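A.B. asks: Okay, handing you the structure first.
The values are calculated or read from the model by the stated rules, or taken from the named source; none is laboratory data. Remember, predicted model here, so these are calculated numbers, not experimental data. Cβ atoms come from the backbone with ideal geometry, glycine included; neighbour counts cover every protein chain shown.
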Amino acid sequence: MAKRPPITNRVRELREAHGQMSQAALAEIIGVTRQTVIAIEQGRYSPSLESAFRIARAFGVGVEDAFGWDDQAA
């Protein structure tokens, strides 16, 4: 069984709470592809620190409100 990544995120939840923002719109705001946003939301990819800050700013929240560290998965 594959181990879950230790970094968790609320990106999809934040997008939906932010006027149903599309993955493409978020990708454009933070300067990545839609496929990268999909991978981040699915936990298959951890964004760079710069991208994490851009995501958090896009929603007006702190980085720790958008991302978390799951000690159980580490």
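A.B. asks: Just to be sure, is A52 outside any loop (DSSP other than H, G, I, E, B) and either among the aromatic types (F, W, Y) or over 26 Å from Q72 (Cβ atoms) (or both)?
C.D. replies: no
A.B. asks: Of all residues in the range 48-74, which are touching a residue at least 12 places away in the same chain (Cβ under 8 Å) and under 23 Å from G19 (Cβ atoms)?
C.D. replies: Scanning the range 48-74 gives S51, A52, R54, I55, A58, F59, V61, D65, A66, F67.
A.B. asks: Name the residues in the range 50-74 that are modelled with pLDDT of 95 or more, at negative phi and exposed (fewer than 13 other Cβ atoms within 10 Å of the Cβ), would you?
C.D. replies: E50, G62, E64, D65
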